[in-house]
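Structure first, then comments.
The values are calculated or read from the model by the stated rules, or taken from the named source; none is laboratory data. The structure presented is a predicted model; accordingly, all values stated were derived computationally and were not measured. Cβ placement follows ideal geometry from the backbone for every residue including glycine, while neighbour counts extend to all protein chains displayed. Heavy atoms of the whole protein, side chains included, go into the accessibility calculation; ligands, DNA and RNA do not. Shrake-Rupley method; radii C 1.70, N 1.55, O 1.52, S 1.80 Å.
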Amino acid sequence: MEDERGTGSSQGEFILLGLSDNQYLQILFFMVFLISYVLTLLWSLAVTVVSELDPSLQTPMYFFLINRSFLDLCSTTATVPQMLVNLQRSQKTISWTGCMAQLFISLGLGSTECVLLAAMAYDCYAAVCHPLRYTAIMSRSLCWLMATASWFSGMTASFVQTCLTLRLPLCGHNRINDFSCEVPALLSLACADTSINEAGLLVGSAVILPVPLGLNLVSYGYIGAAVLRIRSAEGRHKAFNTCTSHLAVVSIFFGTAIYTYLQPPSQHPQDQGKIVSLFYAFITPMVNPLIYTLRNKDVHRAPRRALGKQCWMQQS
C-alpha cells in the first residue's frame, strides 16, 4: 500500500544510494568524512571563540565571519551524521520526515550563505573604498540588519522550494541517487510533470544566486579600482589581503551552487552532481575557516594575546 506522503514505502523511508556499494570504499569514505566533520566543527568553533574573546576582533568583518562559521557548522551537521550512520549499515535509509527536514535546512542554509556573502563583499568594499568612514558605514545596527535579511531571505526561499517539492507524487519511487536529500535528486523521482518545480527552482536560483553574485562582482569592481589608486605597495598589499580570502570563498561556493541548481534537473548528470554536492557539503565548510584565517595576522595574534592576558592576571 502506498504511503500517504507519496514515498511508496509503508515505513515512509527513502533509500539513499550514496557514493558506492564497495565495502572498502565505504570504510574509506567513513574515515574521510568523519575527519572532515570533526575538523569543520573544531575550526568553526575556534574562529567563533577567538572572535568573541578578543576585543580587537569584534568588528563587522568578524561578525559576518562568525555567521559564516555557524552556517558551516549547521550545514555539515544537517547531512554528515546521517551519512556516517548509513556508511555503517547495508540499508542506507532516511525517514520521510528526516529527508524533508534535511532538504529544508540544507537549502535554507545554502541560500542564506549566498546573501551573506554579498553582505561580506559590501563590508570589504566599505573597508577598502571608504576606510575613514568605515565604522560609520558598517554600524552595528546595519550589520544585524544585513545578517537578519540574509537568514530570512534564505529560509523563505527554502520554504517555498520545499513546499513545491512536497506536492509531487512519487508513486512508489523512494531510491534517491545521492548521499543526501537534494532537490534535483528528489525531482527525478516524481511520476508527474515537474515543469512547475523546475521553473520554480530556476527562478528561485536565478534570484538567490546571480543577484548576490552580481553584488559581489560590483563590490570587487570598485575594490579593484580603489586598490589600483593606492600608491604604496604596502597599502595595495594590505587592501588585497583584506578581500582575497572572501573572493576565494565566493568563487568556490557560487561555482558549485550554480552548477547544481542553474540547470534543469532532467538534464542534470547525476554522478557528476553527486561529486559537486560532495564538494560543497564537505570540502567547502572544512576549508572556509582556513581560507579566512590562514593569512590573517590578527587571528594568529589573538590566542597569544589571550594567553598573555591570562598569564598577567595570574601573576598579579
Hey, V299 modelled with pLDDT under 75 and either more than 29 Å from I105 (Cα to Cα) or buried (at least 17 other Cβ atoms within 10 Å of the Cβ) (or both) or not: yes
query: Which condition breaks for D21 when tested against (1) in a helix (DSSP H, G or I); (2) open to solvent by 20 Å² or more (accessible area, probe 1.4 Å)?
result: (1)
Residues (surrounded by 15 or more Cβ atoms within 10 Å (Cβ to Cβ) and either among the aromatic types (F, W, Y) or free of Cβ contacts under 8 Å to residues at least 60 places away in the same chain (or both)) located in region 35-48: Y37, L41, W43, T48
query: Which one of these is touching a residue at least 60 places away in the same chain (Cβ under 8 Å), over 25 Å from F282 (Cβ atoms) and more than 24 Å from the chain's Cα centre (by Cα): L132, L170?
result: L170
message: Checking R175 against (1) open to solvent by 40 Å² or more (accessible area, probe 1.4 Å); (2) of a type in the set (D, E, K, R); (3) farther than 23 Å from T79 by Cα, only one condition comes out false. Which one?
response: (3)
query: Tell me, which residue of region 178-190 that is of a type in the set (G, A, S) and open to solvent by less than 50 Å² (accessible area, probe 1.4 Å) is farthest from the chain's Cα centre (by Cα)?
result: A190
message: Against the definition (at pLDDT 80 or above and either more than 26 Å from E113 (Cα to Cα) or within 17 Å of the chain's Cα centre (by Cα) (or both)), how does T148 come out, yes or no?
response: yes
- request: Could you grab me the full set of residues in region 217-229 that are under 16 Å from V115 (Cβ atoms) and open to solvent by 20 Å² or more (accessible area, probe 1.4 Å)?
  value: L217, V218
field: region 160-171, residues that are over 14 Å from E198 (Cα atoms) and open to solvent by 60 Å² or more (accessible area, probe 1.4 Å)
entry: C171
- prompt: Does region 191-216 hold any residues that are open to solvent by 20 Å² or more (accessible area, probe 1.4 Å) and in contact with a Cys (Cβ under 9 Å, 6 or more places away or on another chain), and which are they?
  reply: C191, A192, I208, V211, L213
